[in-house]
Amino acid sequence: MAPSTQERMLAAIEAFYDAAMDESLWPDALQTLADVTGSQAASFWVLDGSEYPRLPTFVCINFDQNSIRDYVGGMAQLDPTVRYLVDHPTQAIVHDGLLTEQRDNDTRAYDDWHQRSVETRFRMVGQTRPAPAVQAGVALHRTRSAGRYESSDIGDFSILQRHLARSLAIGFRIGSLGAMQQVGMEWLERNTAAVILLDKRGRTVFVNRSARGMQSQPDGIWLSAGGIGLSRKQDNDKLQCMIGRALAPAASPTMSMGGYTIHSGWVVLAALPTFADPASATT
């Protein structure tokens, strides 16, 4: 007996969580998803739109590899769907019906390439935003003969998209999705605020470019592998107390106070000031 639609959807959901734990499983997850949604091709992608649309991760099935190289190599930046995703990072599902007719040069160039290089014509995308300026999701593709994604298809896909978002959030949180973790670190590195990440023992594990610049300034701040400190004892005692509170097991994961935020056992010290007067040192 052939599996029911419900059984196939459950299999697709299970495949999401498996792939979120092991990135090598995405091709199998995409095939399962394509089968249940009546799609002829599919992709898993991570999009870094902080400066310009960039796809550091793009896993696909049932596409010609030459066209994929062209797409990742530059055509993605012209793709009106990608540009729509960048402009609407919190929109869970994006499909052809949401895209208005665009007549700019980028769209014309993309449409010309697409007509010559890619057999699929219709697309439905489910996305989530696991980190600032980072989007991730899956795109489903149909050929012209298969037809557009109708409202019933979008409704069924909304159930799958919710599980996709949860699975990617889990994968990003535990670090199993290396590509998204890397993009997150790149975003922190480019941040103009000074950002320092400490582990659960208070040791320094990441210092971004802005924070590294403070090390050469006589501001009464010191950074080392062992952590961060202030030269003035009174201010340093206050800082270490704040860090200790952040690392305390009882601290709320959503707590935000004293110039730092806490997430998954990491302390983030942001916008650390330059102290012209050590007596004014605060964090």
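Summary of values
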read-out	value
Overall form of region 56-116 per C-alpha gyration tensor (a/c, 1.5; a/b vs b/c)	oblate
Solvent-accessible ranking of Ser152, Ser67, Ser210, largest area first, probe 1.4 Å	Ser152, Ser210, Ser67
Amide H contacts under 5 Å for Gln40, placed H, 5+ residues apart	His141, Arg142, Thr143
Two-site FRET efficiency, Arg8 against Ile154, from Cβ-Cβ distance with R₀ of 25 Å, rounded to 0.05	0.90
For region 12-49 and region 114-136, distance of Cα centres in Å	13
Leu99 long-range amide H proximity, modeled H, under 5 Å	none
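The values are calculated or read from the model by the stated rules, or taken from the named source; none is laboratory data. Small disclaimer: the values here were computed from a predicted structure and weren't measured. Counting neighbours? That spans all protein chains shown, and the Cβs are built from the backbone with ideal geometry, glycine included. For the accessible areas, the whole protein counts, side chains as well, though only heavy atoms, and no ligand, DNA or RNA atoms are used. Shrake-Rupley method; radii C 1.70, N 1.55, O 1.52, S 1.80 Å.
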